[in-house]
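Structure in structure tokens, see below.
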Amino acid sequence: MTKITQLSQLDLTTSYSYADYLTWQLNEAIELIKGKIQLMSPAPNVKHQRLSIYLSSRLFYYFENKACQVFSAPFDVRLYDRTKSLLANKEITTVVQPDICVICDNSKLDEQGCNGSPDWIIEILSKGNSKKEVKTKHALYAESGVKEYWLVYPYEEVIQQFVLNDENNSYQLASSYAGDDLAIPYLFPDLAIDLTTLFKDS
């Protein structure tokens, strides 16, 4: 079998599985969306990284000594329709790397990452990836059963909070936070993110 080390060796029109993905040794950061290769945005800028580090550390200390765990990118999350049971690598065609995710069901964790939907995903938008995050991933996360999904807009200094409606399997916009608001997760109402502190250096 030929070792795949360059994106040019792959056919971007072909559908691949997570089993294929695991064999590649690429320099480029990619995700698989319904079997199709998606290039990730270039390395995040300083603003993005400041927000990611602050949120990750805030969540890390909140979840310390609790059942849930927080992970930040790069971290593979394998997604599929939540009506399906655990899938083998060759059956999985979507693998993403959310900026931050919280997983409360430890049975979903293995050496490769998360097999199934996290409970809460936070994506910090970059100028080059907002369409993918807002549209494609919005639908993917709802389909796979991610209960809460936050979109962080670094330049607008806004957080949009979406909560999954189990009846119609779609997200409802629960809140938009800005200014000096406290952003409070639906799943963890005793956790509050102070936007003044979050965005002070961004």
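The values are calculated or read from the model by the stated rules, or taken from the named source; none is laboratory data. Note that the structure is predicted; figures quoted are calculated from it, not measured. Don't worry about glycine lacking a Cβ; one is built from the backbone with ideal geometry, like all the others, and counts go over all protein chains shown.
Filter region 40-73 down to residues that are touching a residue at least 12 places away in the same chain (Cβ under 8 Å) and assigned to a loop (DSSP other than H, G, I, E, B) and give me whichever is surrounded by the fewest Cβ atoms within 10 Å (Cβ to Cβ).
For region 40-73, the residue satisfying everything is ALA67.
What are the residues in region 74-104 that are at pLDDT below 95 and out of contact with any strand residue (DSSP E or B) (no Cβ under 7 Å at 6 or more places or on another chain), if any?
Within region 74-104, PRO74, ASP81, ARG82, THR83, LYS84, SER85, LEU87, ALA88, ASN89, LYS90, GLU91 meet the criteria.
Identify all residues within region 77-112 that are closer than 23 Å to TRP24 by Cβ and under 9 Å from the mean Cα position of the chain (by Cα); write none if there are none.
Scanning region 77-112 gives VAL77, VAL96, GLN97, PRO98, ASP99, CYS101.
Taking region 1-38 as the search range and keeping residues that are small (Gly, Ala, Ser) and within 25 Å of the chain's Cα centre (by Cα), which one is farthest from VAL77 (Cα to Cα)?
Once the filter is applied, the top-ranked residue is SER15.
Answer with yes or no whether LYS90 is of a type outside the set (Val, Ile, Thr), in contact with a helix residue (DSSP H, G or I) (Cβ under 8 Å, 6 or more places away or on another chain), assigned to a helix (DSSP H, G or I) and in contact (Cβ under 8 Å) with a residue 12 or more places away in the chain.
yes
Out of VAL152, VAL163, VAL158, which single residue is at pLDDT 95 or above, out of contact with any helix residue (DSSP H, G or I) (no Cβ under 9 Å at 6 or more places or on another chain), surrounded by 15 or more Cβ atoms within 10 Å (Cβ to Cβ) and of a type in the set (Val, Ile, Thr)?
Every option except VAL163 fails the conditions.
Tell me the residue from THR23, THR14, THR94, THR5 that is surrounded by 12 or more Cβ atoms within 10 Å (Cβ to Cβ) and among the polar types (S, T, N, Q), please.
The conditions single out THR94.
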